[in-house]
Amino acid sequence: MENKFQLRSLILGLSLFLGLSILGFFIFRGLKTFSDKDRIVTVKGLAEMDMTATASEITISFSFSGDNLKEVIKKADSKKIAILNYLKNNGFENKDISEENIDINDLQRYYETEWQDGKQVKTKVDRYSASQTLVLKCKDVKTTEDKLEKIELDLISDDLTSNVGSHYTFPELNTIKPKLIAESTKNARISGEQFANDSKAKLGKIKTASQGQISIVGDYQTDEEPVSTDSESREPYIRRARVVSTIVFFLE
């Protein structure tokens, strides 16, 4: 009987000890988790990627104005033909040249009133204006600016002075966003791990993360994205996409 009582007491004691140990362990884990919530580090991860234009164009624009609409259109058409002849004589094929519709503007008046020396004065203006644009497709984006410069100088020499510009088409940002975000997150973790090592701690899970706006560095941009400045000298057919992610890590 006495042995049974001692056995029961031993089992009860072991059960009580085991229960208190388990309870103590979970209390410790709970307190540690609670305290770890205040141990965080906020880091930023930068990712950059260069994008090369997939296509380029050269635009040639010119305009004439006057009071006789037929004469204005005739001058514009004559200049267009002269420029087209120049382009074809310099290696541009018909398939590479497109003409935008001629734009006619009618002010419906020949005079405008403006202030001069404190009084209103009527000044003569041309009633009609006609503008035209030719678009040239370039096969090599890297030589676009060289071609543009030559065309502009040649037209000036031939008394065909026009506004000459270039336009570049770049890949859609959505095609590189996932890679940019993954790279910025990776770089943020590297910074976080360095901080944790310096603090004799271990980098834990992500608490919060926010992706910064993707900015574009370069002279050209899409309508949907802002342009940021860069001190580097960059080719016009290259843009650099940049994103900075802010991530908060737990420290263990």
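The values are calculated or read from the model by the stated rules, or taken from the named source; none is laboratory data. Here the structure is a predicted model, which means the values were calculated and not measured. Cβ coordinates were reconstructed from backbone atoms using ideal geometry, including for glycine residues, and neighbour counts include every protein chain displayed.
A few notes on this one:
- The set of residues in the stretch 148-205 being closer than 20 Å to Leu136 by Cα, in contact with a helix residue (DSSP H, G or I) (Cβ under 8 Å, 6 or more places away or on another chain) and either surrounded by fewer than 18 Cβ atoms within 10 Å (Cβ to Cβ) or of a type in the set (S, T, N, Q) (or both) consists of Asp154, Asp158, Leu160, Thr161, Ser162, Gly165, Ser166.
- Counted residues, the stretch 99-147 - those being at negative phi and either touching a Cys at 6+ places or on another chain (Cβ under 9 Å) or acidic (Asp, Glu) (or both): 12
- Scan of the stretch 109-138 for residues that are modelled with pLDDT of 90 or more and either surrounded by fewer than 11 Cβ atoms within 10 Å (Cβ to Cβ) or not in a strand (DSSP E or B) (or both), ordered by number: Asp126, Arg127
- Some residue of the stretch 213-234 being surrounded by 13 or more Cβ atoms within 10 Å (Cβ to Cβ) and at pLDDT 85 or above: no
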